[in-house]
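A short worksheet on the structure shown next.
Every number here is computed from the coordinates shown, using simple stated rules; none is lab data. All figures in this text were calculated on a predicted structure; none of them were measured in a lab. Ideal geometry is used to build each Cβ from the backbone, glycine not excepted, and the neighbour counts take in all protein chains shown.
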Amino acid sequence: MGKPIIIEDYNPNWIVKFEEEKRHLRAIMKDKAIAIAHVGSTSVKGLGAKEIIDIMMGIQHLKDVEKFMSLTTYG
């Protein structure tokens, strides 16, 4: 069996974590990122969620992404 899924009460710190990641991604992607958005359940105020910050990024050209993949961390 895998790890149990734990839904936590809403945590306003999730917004802070997203903003930190957004700054990090902006520094890496520079002008390649058109938009960086907080998506998923942690982005909804008052909603319980798994503590995973989902981020969606819009870019100009898909070919620009490959060179940045090794600069980001996942986990």
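What to note about this one:
- Residues with amide H under 5 Å from that of I59, placed H, sequence gap 5 or more: I34
- Scanning residues 5 or more positions from D54 or on other chains, those with amide H under 5 Å from its amide H are V39, T42, with H placed 1.01 Å from N in the peptide plane.
- For P(r) over Cα pairs in 5 Å bins from 0, in percent, calculated from these coordinates, the label among (1) 3, 14, 23, 21, 15, 12, 9, 3, 0; (2) 3, 14, 21, 20, 19, 13, 7, 2, 0; (3) 3, 17, 30, 29, 16, 5, 0: (1)
- Rounded to whole Hz, the Karplus (6.51, -1.76, 1.60) HN-Hα couplings of region 14-21, x for glycine and proline: 4, 5, 4, 4, 4, 4, 5, 5
- Inter-label distance, nm, simple model (7 Å from Cα along the C-beta direction), L47/D31: 3.5 nm
- Coupling constants for region 44-61 follow from the phi torsions by the Karplus curve (6.51 cos²θ - 1.76 cosθ + 1.60, θ = phi - 60°), and in residue order they are 9, 4, x, 8, x, 6, 6, 7, 10, 8, 8, 10, 10, 10, x, 10, 5, 9 Hz; glycine and proline get x.
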